[in-house]
1. Quick one: VAL449 ticks every box in (1) at negative phi; (2) surrounded by fewer than 18 Cβ atoms within 10 Å (Cβ to Cβ) except a single one, so which number is it?
2. Using the structure shown, decide if ALA513 is open to solvent by 20 Å² or more (accessible area, probe 1.4 Å), at pLDDT 90 or above, of a type in the set (Gly, Ala, Ser) and out of contact with any His (no Cβ under 6 Å at 6 or more places or on another chain).
3. In segment 378-400, what residues are open to solvent by 50 Å² or more (accessible area, probe 1.4 Å) and of a type in the set (S, T, N, Q)?
4. Give the residue that is nearest to GLU452 (Cα to Cα), with candidates limited to residues of segment 471-520 that are of a type in the set (Lys, Arg) and out of contact with any helix residue (DSSP H, G or I) (no Cβ under 7 Å at 6 or more places or on another chain).
5. Just to be sure I understand, how many residues within segment 298-311 are hydrophobic (A, V, I, L, M, F, W, C) and at pLDDT below 90?
6. Taking the options ALA182, ALA198, ALA188, name whichever one is part of a helix (DSSP H, G or I) and either crowded, with 16+ Cβ neighbours inside 10 Å or among the hydroxyl-bearing types (Ser, Thr, Tyr) (or both).
7. Taking segment 261-287, which residues are part of a loop (DSSP other than H, G, I, E, B) and open to solvent by less than 40 Å² (accessible area, probe 1.4 Å)?
Amino acid sequence: MSGPTGEGATAGAEGSAPPGGAAARTRGGAGGRRAGGHGAPPSRRDRTGRPRTAGFAGELWPRRDGGRADLGTGCAAAASVAVLGLVVVYVLRWWLLAFLVSAVVALGVAAAVVGGSVLTGLYFRRTHEVMFGGGRPEDPPPGEGDDPAHRAYHGGPAWWDLRTIVGRTWAASALWGVLLGAHFAVHALVVAAYLAAAWTFVGVLRVVDAGLLVVRRVRMVCPGCFLRLGYPAYLCTRCGRRHGAIRPGLRGLLRRRCLCGARLPTLLLLGSADLDALCPHCDRGLEHRPGEAREFVLPLFGSAGAGKTRLVAGMNLALAQAARGTREAYVEPVGEETVRRLRDSERLLTAAHRTGPTPPGREVRGLTVRVGAEGRTLLLQVYDAAGERFNRSATTEELTYLGQASTFVLVVDPLGVEAVWRSMTAGERSRLSGHRSRVRDPELAYGAVRDEIRRQYRMSGRRLRPRRARTRLAVVVTRGDLVRGTSAAPGGMPPEEWAARTLGLGNLLRDAAADFGEVRVFLTASVADGSGTAHPSLSALLRWVLAGESAAFAGMLAGSAPGSGAGTAPRGAPVPLGSAPPRPERVGGGR
């Protein structure tokens, strides 16, 4: 039998549909009938037997798009969501941007803090290792000609430490060390500021030290080579090494450290004068502690046998006796040679003792005597060269101490002057023949020395002029004790007039007045009386020689003479032999 067909089949199919579907259709049909008054069109199905979807406005239309409507709906929904998201982003754009920037900044700051802390800790650790942990590079040894002392921190180690710290930090941090550039720059600025302050302090110390020498009129001269000393060399108190430039500088400010570890003062104020000093030119020992007090250079010159050596002994004895009679005064020979030559001054000045001339070949060396009175100290350097050295210009040029002095002493033996010898009686000549020296004309020695002084002054930038250069010349006529009572005795004649008339020194005195700022004539006797007291004329000579120094020395010497004007006499009165007037005339003083 054939299956159901037509309406029966349809009815069967409908009957087989779920009840819910039928009920829906019944309600739909009823509603449709109520609304439109007509029956709803029958439901249609597709080829597969499924009911077709209802179209727009409740009508059912056939699906002819192959499912493209579902895809369009999804795209529309996605587009709506995207648009909505864009709207939200647009509305909240600044808040989102601020959040992202804040997050990046926070992370960056945290990373920078952590990294910077690590790098800074590394830098400080390297700094501690180098500066305090024994990791400092060793100082290079002193080069040839350098002083055997360690360099001060401002003399190189400050830069060496900085270089070592930067190098070790960079090696440990690799390229990250670039981030420590600020640390290195600050460290370099601190080092530069320290060096600037240290070297400024060095300059101030040197200026103060040099200024004190100028104010105190301290000039340092080597008694051996006669050269001017800018600053002496010193020996280490522990190892004896020689330090040529011990002043504040590369190797120390107030003190320097020798290679042996001993600390040496760098300033005269701090006691460098108490160290064993050497001449930087000839390496001879300077036993007089140069720089401690003013040095007074006093050259004596004259013909051989004129009495220079005896005059030196007499001046030393007069100084020593004056110091013994004055409170807080002393006279101290400095150096073994000075002590040896001046030890027996009293014996040398006895009338029976005859002093031989200085050997021509003996090395010229200054005899230094330290004189102190009322807290003032003076280093008196007396130079007594053999008379033969003044006969030729070649030998006179060797006496370079002439250029370091401003006061000079020309020694003249009256018995050696032919005019004086001839003026004496036969008995006087017979009595004094054993004391007479065969000397050359004093003008020859004066001319040679004057020319050499001019040459040395010219080399040092000075000129031998009476008003510009404060140069002084004492013409000392010796053997006054022998001239006493002879026909050549000055009597009441002033020394200058007696020297010009009797000794024939008129031309010499006129030339000297033109060459020197001040010229004085003294008649002295280098002898001691029975009690060993030096003749007062020697004290008068010393008072004039030291007139430009402290009044304490003049007062000390004035107290050694009898009366306020010991050894002096007014003009026109008899002049005690071997003395000088209190105000001897100045020859050519106005020139």
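The values are calculated or read from the model by the stated rules, or taken from the named source; none is laboratory data. In this text, all values refer to a predicted model and were calculated from it rather than measured experimentally. Please note: Cβ atoms are built from the backbone with ideal geometry, for glycine as well, and neighbour counts cover all protein chains shown. The area values use the complete protein model at the heavy-atom level, side chains included, leaving out ligands, DNA and RNA. Shrake-Rupley method; radii C 1.70, N 1.55, O 1.52, S 1.80 Å.
1. Status for VAL449: all satisfied but (2).
2. Answer is no for this residue.
3. Of everything in segment 378-400, those that are open to solvent by 50 Å² or more (accessible area, probe 1.4 Å) and of a type in the set (S, T, N, Q) turn out to be ASN391, SER393.
4. ARG472
5. 2
6. Just a single option satisfies the conditions, and that option is ALA198.
7. Once the filter is applied, which keeps residues that are part of a loop (DSSP other than H, G, I, E, B) and open to solvent by less than 40 Å² (accessible area, probe 1.4 Å), segment 261-287 yields GLY261, ALA262, THR266, LEU267, GLY271, LEU275, CYS279.
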